[in-house]
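First comes the structure, then the notes that go with it.
A short reminder: the numbers here are calculations on the coordinates, not readings from a lab. Predicted, not measured: the structure shown is a model, and the values here were computed from it. Because the Cβ atoms are built from the backbone with ideal geometry, glycine has one as well, and the counts that use them run over all protein chains shown.
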Amino acid sequence: MILIESKRLVVRQFKPEDWRDLHEYLSQESVLEYEPGTVSNEEECKSIAKERSKDNLFLAVCLKDTNKMIGHIYFSQKEPREFLTWMIGYIFNPSYYGQGYATEACRRILKYGFEELGAHRVIALCNPENIASWRLLERLSMRREGIFMKEVFFKTTGNGQPVWQDTYQYAILKEEL
């Protein structure tokens, strides 16, 4: 079981009972503007939290003093495994924006990946329109490596046509941390 601490946060494996805190932010359309999927109701959040408690792909980010989950981080090794590359992603509750929690949690996960998992490289993807996200990646000293034009779509128009989105790719190497 993963349990990682920083000054103000605990990053740990999901628990089924995290569904309430998860619902606080996954029920908000604005939170999912640049993410696949749509808002989740309470039953869906119960199912999501239960599924995520079975592995370590998604990690709960909790305030150390109250244990309230304020967001989550996706951290997964990419194939081929011998390239030692991980991908990081994150979603946080807007009630906790602007307080440095995402930066603190992601910085700690990068350290964990490089020092404990032996990562050589960590990458992240984000929509160029999601300014807060790419600014976070730059605060983490990640470098923008490129832009993939009309690479993905998460939504469709009324007549079923994809709404294509561009993607920035960021990365950091172990020696750059």
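Here is how the numbers come out for the structure above:
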item	result
FRET E, pair residue 175, residue 6, Förster distance 22 Å, beta-carbon r, rounded to 0.05	0.50
Check: region 36-159 dipole with +1 on Lys, Arg Cβ and -1 on Asp, Glu Cβ, in debye	220
Choice from 77, 161, 13 showing the highest fluctuation, given a GNM over the chain with Cα pairs closer than 10 Å	161
Length-normalised contact order for the chain - Cα pairs under 8 Å, 6+ apart - percent	18
Rg over Rh, two decimals, region 2-90 (C-alpha only, Kirkwood Rh)	0.99
Over the chain: helical MRE at 222 nm, DSSP H runs n ≥ 4 each giving -39500 (n - 2.57), nearest 500	-7500 deg cm²/dmol
Residues of type lysines that residue 111 reaches as a straight line, Cα spacing below 16 Å, ignoring anything fewer than 8 places off in the same chain	7, 174
Cα-Cα separations in region 33-146 greater than 21 Å, expressed as whole percent	41
Proximal lysines relative to residue 54, as straight alpha-carbon distance under 21 Å, when same-chain residues fewer than 8 apart are discounted	15, 46, 68, 78
